[in-house]
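Have a look at the structure below before the remarks.
Where a number appears in this text, it was derived from the coordinates with a stated rule and is not lab data. Everything numeric here is computed off the predicted structure, so don't read it as measured data. Reconstructed Cβ throughout: ideal geometry from the backbone, glycine too, with neighbour counts over all protein chains shown.
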Amino acid sequence: MDLKKEERYYQPDELHRWFGISSVLFLASIIIMFANDYIREWKGHQRAFREADVALTRANIESAAVDDAVKTELEAAVATAEAQLAADQSQLDELDSLKTVAEGEFYWANMNFMGTTADLDEARYLLEHGLTERHGEMEARKHFEEVTAKVKLFKLQSEGFQAEIDGYDAETTTLQARHKKASSEMNELLADLSVFERKLLLIDPEAMSMANRVANVMRDLPVLDFLAPSIKIQQIIVNDIRDDVNFAVVPKVDRCTSCHLGIDNTGFADAPQPYTTHPNLDLFIISASSHPMNEFGCTSCHAGRGRGTSFTSAGHMPADAEQAREWEEKYDWEPLAFWEEKMFPAQYSEAGCLKCHASEPTIRGAEKLTLGLTIMEKASCFGCHQIDRFDDWDRRGPNLALVSGKLTKEFAFKWIRNPRSFRHNTWMPAFFNQTNNSSAEDKRRTDTEIHAIVHYLFENSGDVQLPSTVRSGSVSRGQALFESVGCQGCHVIEPEPLAIETDLDRMFQRHGPNLIGMGSKATPEWVYTWIRDPQFYNPDSRMPNLRLTSREAADITAYLTGLTNDRFDGTAAPALNEDALADVAFKWLVKNASEVDAKSRVDEMDLNEQLLFVGKRSILHYGCFSCHNIPGFEDSKPIGTPLTLEGSKPTHNLDFGSVHEIEHTNYNWFEAKLTNPRIFDRDKVKPYDERLRMPNFNLSRTEVEAVTTALLGLAKSNVHADKMADGKMDDLIINRGMTIIKDYNCQGCHIINGQGGQIVDIIGDPNLSPPNLNTQGAKAKSDWLYKFFKSPTTIRPNLAVRMPTFPLADDQWNDIIRAFQFSAGATTTFETPHSSAGKTNSTFVGAYLASKDMGDCAKCHVMAGKNPTNARTDWAPDLALAKDRLRPEWIVDWLRDPQAIMPGTKMPQPFIPSKADVEFEGAEEYFPQAVIRMAGDDEALLESLRDYIYSVGEK
Amino acid sequence: MKITVRYITLIAALITGTQLWGQGSITGSVIFEGKGPRMRTIKMGADPVCSAAHTEPVKSESVVVNGNGTLKNVLVSISAGLDGMKFEIPEEPVILDQNGCTYTPHVWGVMAGQTVEIRNSDATLHNIHSQSKQNRAFNFAMPKVVKKKNHTFDKSEDPFIIKCDVHPWMRTWAAVFDHPFYTVTDDTGKFTLENVPAGTYTVKAWHESGKKLPAQTLEVTVSDGQAASLDFDFTRTAK
């Protein structure tokens, strides 16, 4: 039945047309889809990289190419050997057939031998049985002897055939040897080349066979490339580092290497991005490094979106505005929306180290991050901002409980108002005259507040008993002492700022304040008392005691107080404005009371009460107690935002105010805030006490960048404990001790774990400087070290610099000693005592090696109190101290190669005679018999020298 | 394609072959007119073996002006212009002798990888202590029975001191090169660098006085088989 058009509910023609159009559209969209997939960004990179890799491999082949002459020569040798082998072939065949016959004979003899061995066991049993039963033993013995003889015969036979086989083998090997040697030489010569050639076969179409060439093209064709493409996503899955993607925590998947293809290949060091080799393969990426790519991925350190496969979706972030513009043009880049953990711009990449290295006081290889953390320690950021890492740290600023004994009110006022007018590089930040409180009205208020703060501090200060006079000292002697006794381990005297960038060494050198202008700050009586015993004035001070005599202290006092700051002295503090004081008091009171009540409360207070009230409110407001111990504020809580996870704070939680000229990212916010802490108050109208009050630390560009790196590092992390750098007990022990070592600036004077010791540069000669503490834990006996720390004695009579006495508690000393021990891998606490007693021969040989003609130890070393004859600056430690001080194993290590332990030391490697040294005509005249016998056994000789050293000073 | 080209040029720069020495030479002398500083007498009384080795007082060799108005012990070497060239290391060792409690030679050069034979011709104990920075510093004792020890430096390095801590006056200056074009001026103040390939070089003259007689450099072009000549004048710089 044929329906007419009119009878249908639809129009077939119309429908056909639409069907036609839609199938064309579908087809087009499928084509577009495949095309779009084919031209994806990372695929382009892989194609380009392959070309570059082919070029590099070809070049490698060229450079691995072998000198033609050498190759021809070897080829000729191989050919000759082959010809010889062919000529010898009949001989080889004959040897082979002879061997086959001999093997048959051997088999026969060997089977007989094994069979008769079993018979022998039987005969032995029968004999033993006969002997026990006392019956038939004669017969049994006869049988036993017969079988024994048979075994012997067959054994001889089989051994004979085995020797024959070995003989044929040896002959064959000799005939083949020449050829084997020639071809292995050839292979060795071409080893590198063949590696590259094999690689080229895989990647270079021109080097491939025709079939491979076709397959090579086919596998990457659009549509077909779902089968087995050579161009494909590369990804690294790291199970124990996880990404928090809201409501789910998933293993890290990094696809970065889909484009960063040369990241582990040293050949691409100068290649353009994204093919560039990682700049630090010693530490990252390759399997021999401590952070292999397969175990750590990429975004674990760099942050960003590892699953992203395009430039933008990977979360790349530019280093600066210029790079942002460049990227926009080149890659159509924009900041990745809805992904908080965007990649760290290159200058902050060390931020990623912190999450796994959190307990390390200095993170090696992450100098910028370490600098940032060190600045945070010095600037005492944790005073106002709670940061887990610094939770049990003490206040960093001077204790103000006895301030009236140290400063004048005038000094305190000028100092608080502008610390840098007195000391250009102080860590005390500036609270006043900042961009949000510098109007005339603000100054009227802030000057009043400073007066009140000073009043509060001095009213609440205790008294300190200072001597009424100090004996007069010599400025020149004082300066000489200052420059030699060790003050410069922590202090500088730098009247003007230096045009050098901050780094860790510079921080070590400036651990304590820059001591300019001391004469304008404190009285000679205070300085004298302070340097003789810092803990007398401030029990919490970390300044150690140099055990100065009264004369030395007087000399240094004369030198330091002779340094004055005339410009600072020349300005006067303004007088207190009593009206302004009443106004400030009123403004505080009216916050919690009615205007009338506040007014009457102000009127009720006398001047002293008003000053104390405003002083207390101001100290609370500005948070002075965060860094300084101030009576009345012992338990006050930090006033700043906690920063423990500041790096993970969503950017929209950071108030940019009306600052629009910077890109709204967390690092831009941190940088702006650190450069000018009040910047986000710009163009805002706020009551005074609601304005931003973070003080200004006048950080340089380098310092701002370093602190920003550290802040970015303070972030949430999902790293499994096994992957943490400090996951092991040993690391924690080392880190705990090293934290104290850094806090007390031991590295100002000593090189510890390869870092610090800047005072060596000032003194000039490492031999006249505090010792390098390399291997200290393996070197010193722990009980001796503890005694030395508690009460330092002279070890090195040639040093002018002295080890001070530090105000540390027993548990801190224990932490330090254990950190030394664990760093040196010498962790035993209790040890068998070593002694030279009874080792007459060893001690005798040692004494000979130490004698005048050999090592001449007494030339430099003090020997049980007997001083050497040469100049004192050349003297070395008394060898009689060694047995109490040094671990016996370490002495041997030290003697073996002193330079390896203390680079630059004057201690020479002692003469340890080798066999050749004692094998000359008349050696007996030079060397005792015992020495000649031991010569060549270096360890025994070094031990004998050690035993001799242990005997020095023994009765 | 662009990348390919970039790679080929990059790699080509990396491939450098061993180049043969040339036929040219550089000769000249180091002029020092006028009187040099007075040569200090070394007191060797501390070790009788040392003082017994000399009949006449020993003078310090820190500045030696020759009779013909030239300067001795100036280390002359090519300091630039040899980029990419490689040179064979001589098998002959350089000899450093401790004789009469002084070092002979007083200033010397050696190629990286070449053997230095350190001799002790004295009947006393010396220690030999290098102050090298690029090469690993060494410091070992040489009692009178030890007459010879060998050492090699791995890397090129500017002149550094080697000294004896037992006899503090003993000092010698060593420099390590990665090419063979260096020499030290003799009693006539003359120097010759031989077998120099054709090219333009910077030649450096260095004296141990450091800031007092700062090192000088001169440019020179050597054509193949020809002798180029140049003179250094240290007179001006001396105060």
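The loop-placed GluC sites (Glu not before Pro) in region A:474-569, going by DSSP, that have at most 13 neighbouring Cβ atoms within 10 Å of their Cβ come out as A:Glu501. Taking 0.36 nm per residue of sequence separation and removing the Cα-Cα distance, the A:Lys142/A:Asp394 pair yields an extension gain of 80.9 nm.
Distance check, please: which entries in A:Lys906/B:Lys133; A:Lys181/B:Lys155; A:Lys587/A:Lys686 exceed 24 angstrom between their Cα atoms? Beyond 24 Å between Cα atoms: A:Lys181/B:Lys155. Projected label points at A:Gln347 and A:Glu410, each 7 Å from Cα along the beta carbon direction, are separated by 4.4 nanometres. Taking every Cα-Cα distance in region A:728-823 and sorting them into 5 Å bins starting at zero, the pair-distance distribution P(r) comes out as 3, 13, 22, 28, 21, 9, 3, 1, 0 percent. Binned at 5 Å from 0, what are the whole-percent values of the Cα-Cα distance distribution for region A:583-704, short to long? Using 5 Å bins, I get a P(r) of 2, 9, 14, 15, 18, 14, 11, 8, 5, 3, 0 for region A:583-704.
Taking a ≥ b ≥ c as the square roots of the eigenvalues of the Cα gyration tensor of the protein assembly as shown, is the shape rounded (a/c under 1.5), prolate (a/b larger than b/c) or oblate? Here the protein assembly as shown falls in the oblate category. Evaluate E = 1/(1 + (r/R0)^6) for A:Phe226 and A:Glu14, where r is the Cβ-Cβ distance and R0 equals 51 Å; express this FRET efficiency to the nearest 0.05. FRET efficiency, A:Phe226 to A:Glu14: 0.85.
Using the alpha carbons alone, the radius of gyration of region A:514-560 stands to its Kirkwood radius in an Rg to Rh ratio of 0.94. Here r is the Cβ-Cβ distance between A:Asn433 and A:Lys330 and R0 is 35 Å; the resulting FRET efficiency, rounded to 0.05, is 0.20. Could you tell me what % of all Cα pairs in region A:233-343 have separations over 18 Å? The answer is 53 percent, as a whole percent. Dividing the summed -39500 (n - 2.57) terms of all DSSP H runs of n ≥ 4 by the residue count of the protein assembly as shown sets its mean residue ellipticity at 222 nm at -12500 deg cm²/dmol.
In a simple Cβ point-charge model (Lys, Arg +1; Asp, Glu -1; nothing else charged), region A:69-189 has a dipole of about 260 debye relative to its Cα centre. Coupling constants for region A:901-911 follow from the phi torsions by the Karplus curve (6.51 cos²θ - 1.76 cosθ + 1.60, θ = phi - 60°), and in residue order they are 8, 10, x, x, 5, 7, 4, x, 5, x, 6 Hz; glycine and proline get x.
Built from the Cα atoms of region B:21-233, the convex hull projects on average onto 12.0 nm², one quarter of its surface area. By DSSP, what percent of the beta bridges with both residues in the protein assembly as shown are antiparallel, rounded to the nearest 5? Counting DSSP beta bridges with both partners in the protein assembly as shown, the antiparallel share is about 75 percent. Taking 22 Å as the limit for the C-alpha separation, the pairs A:Lys378/A:Lys673; A:Lys355/A:Lys742; A:Lys883/B:Lys147; A:Lys866/B:Lys148; A:Lys787/A:Lys883 exceed it in the case of A:Lys883/B:Lys147; A:Lys866/B:Lys148.
Three principal axis extents describe the C-alpha atoms of region A:443-493; from largest down they are 46, 28, 17 Å. By definition, a body whose alpha carbon gyration tensor gives a ≥ b ≥ c is prolate when a/c is 1.5 or more and a/b is larger than b/c, and region A:495-594 fits this prolate description.
Packing around the peptides B:68-79, A:228-239, A:810-821, taken as the average count of other Cβ atoms within 10 Å per residue, puts them in this order, highest first: B:68-79, A:810-821, A:228-239.
Computed from phi, the 3J(HN,Hα) profile of region A:388-400 under the Karplus parametrisation 6.51, -1.76, 1.60 (θ = phi - 60°) reads 3, 3, 10, 4, 9, 7, 7, 5, 8, x, x, 5, 9 Hz, with x in place of Gly and Pro. Counted residue by residue at 0.36 nm each, then reduced by the alpha carbon distance between them, the extension gain from A:Val217 to A:Asp93 reaches 39.6 nm. Peptide A:848-854 has a mean shielding of 3, counted as Cβ atoms of other protein chains within 10 Å of each residue's Cβ. Shown is the FRET efficiency for A:Asn653 and A:Thr827, computed with R0 = 51 Å from the Cβ-Cβ distance and rounded to the nearest 0.05: 0.65.
Just B:Ala46, B:Ala175, B:Ala80 to compare: in a GNM of chain B, with alpha carbon springs under 10 Å, which one fluctuates most? Looking only at B:Ala46, B:Ala175, B:Ala80, the largest GNM fluctuation is found for B:Ala46. Taking amide H atoms as placed 1.01 Å from N in the peptide plane, the amide H of B:Arg136 lies under 5 Å from those of B:Asp154, each 5 or more residues away in sequence or on another chain. For chain A, the relative contact order works out to 10 percent when only alpha carbon pairs closer than 8 Å and six or more residues apart are counted. Among the trypsin sites (Lys or Arg not before Pro) within region B:174-225, those in coil by DSSP and having at most 14 neighbouring Cβ atoms inside 10 Å are B:Lys211, B:Lys212.
In region B:172-235, one over the average inverse separation of all distinct C-alpha pairs is 13.2 Å, which is the Kirkwood hydrodynamic radius. Relative protection proxy for A:873-879, A:267-273, A:467-473, from highest mean packing down: A:873-879, A:267-273, A:467-473 (other beta-carbon atoms within 10 angstrom). Taking the C-alpha atoms only, the angle from helix B:2-14 to the longest principal axis of chain B is near 30 degrees.
Hey, got the average number of other protein chain Cβ atoms within 10 angstrom for residues in A:915-922?
Average neighbour count from other chains, rounded to a whole number: 1.
A crude spin-label estimate for the pair A:Glu62 and A:Ser194, with each label 7 Å from Cα along the Cβ direction, gives 2.5 nm. With θ taken as phi - 60° and the Karplus curve 6.51 cos²θ - 1.76 cosθ + 1.60 applied, the whole-hertz 3J(HN,Hα) list for region A:224-240 is 6, 6, 7, 6, 8, x, 7, 8, 8, 5, 9, 9, 10, 10, 10, 6, 9 Hz, x standing for glycine and proline. Protection proxy ranking for A:90-103, A:659-672, using the average of other Cβ atoms within 10 Å per residue and placing the highest first: A:659-672, A:90-103. The distance linking region A:125-175 with region A:363-387 is 84 Å (Cα centroid to Cα centroid, whole angstrom). From the alpha carbon centroid of region A:859-916 to that of region A:587-612 is 74 Å.
Charging the Cβ of each Asp and Glu at -1 and of each Lys and Arg at +1, and nothing else, the dipole of region B:21-233 about its Cα centre rounds to 920 debye.
A simple spin-label model places the labels of A:Glu7 and A:Met111 10.0 nm from each other, with each point 7 Å out along Cα-to-Cβ. Counting Cβ atoms of other protein chains within 10 Å of each residue's Cβ and taking the mean over peptide A:902-910 gives 5.
Give the shape of region A:526-660 as rounded, prolate or oblate, defined through the alpha-carbon gyration tensor: a ≥ b ≥ c are the square roots of its eigenvalues, a/c under 1.5 means rounded, and otherwise the shape is prolate if a/b is larger than b/c and oblate if not. Judged from the Cα gyration tensor, region A:526-660 comes out oblate (a/c at least 1.5, b/c at or above a/b).
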